[in-house]
Each structure stands twice: as structure tokens, then as C-alpha cells.
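Remarks on the structure that follows.
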Amino acid sequence: MANTVSAKKMTRKIAKRTAVNRSRRSRMRTFVRKVEEAIAGGDQTTALSALRAAEPEIMRAAQHGIVHKNNASRKVSRLAARVKALAA
């Protein structure tokens, strides 16, 4: 348990930041899930529009440090490849 005033303040700050990070991570995962559901449905136009909505969200999460930049790029790349494969 925090004893000093500064340590107590830090626990409050950490709790707020954790809530923000959790919200951002959840939002990113929701957008990714929408793309994956569209891919599973087999509709390329829906999947493409979902991907276009998800890409900025994923990259924004990377900018805020929710996921690593390379991780975000890999997610976008793999989703794009799966959407492109629907056309074939």
C-alpha cells in the first residue's frame, strides 16, 4: 500500500491511465474483430470498408503506445492480405 503522498498520487494517475489504455485497446480490438467477421462472411466490399476504418484505429493505438508500431503494421498487413485473398 502506498504510504507517501506522492505514491498515493501515482496510484491515482496509474488507475486513470490504465482505464484510458484499456478503452483504447478495446476499441482497436473491436475494429479488428469487425474486419475478421467480414472476412469470415466472405464479402470483400464489407471487409474492405471495415479494413479502411480499422487501419487508422490500429495505427492510433500504436502512436499512443498501446501496441508496438511493428505489431500494428503487422496486423494491418495481415488483415489487408486476407481481404485481398477474398477477391481470388
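The values are calculated or read from the model by the stated rules, or taken from the named source; none is laboratory data. Owing to the predicted nature of the structure, the values given are computational and were not obtained by experimental measurement. Positions of Cβ are generated from backbone atoms using ideal geometry, with glycine treated the same way; all protein chains shown enter the neighbour counts.
Quick notes on this structure:
- Scanning the range 76-88 for residues that are crowded, with 16+ Cβ neighbours inside 10 Å and part of a loop (DSSP other than H, G, I, E, B) gives no hits.
- Selection count where residues are in contact with an Asp or Glu (Cβ under 9 Å, 6 or more places away or on another chain) and within 16 Å of G42 (Cα to Cα), scope the range 62-88: 4
- Residue among M28, M1, M10 that alone is modelled with pLDDT under 95 and not small (G, A, S): M1
- Remark: R24 matches the filter, which requires a residue to be of a type outside the set (F, W, Y), surrounded by 10 or more Cβ atoms within 10 Å (Cβ to Cβ) and in contact with a His (Cβ under 7 Å, 6 or more places away or on another chain).
- Within the range 50-75, the set of residues being of a type in the set (A, V, I, L, M, F, W, C), assigned to a helix (DSSP H, G or I) and either buried (at least 19 other Cβ atoms within 10 Å of the Cβ) or touching a His at 6+ places or on another chain (Cβ under 9 Å) (or both) comprises A50, L51, A54, I58, A61, A62, A72.
- First in the range 47-76 and among the hydrophobic types (A, V, I, L, M, F, W, C), second anywhere and outside any helix (DSSP H, G or I), Cβ under 8 Å, 6 or more apart: I58/V67; A61/V67; A62/H68
- Top-ranked residue in the range 36-49 [being among the β-branched types (V, I, T) and farther than 12 Å from A81 by Cα; ranked as surrounded by the most Cβ atoms within 10 Å (Cβ to Cβ)]: T46
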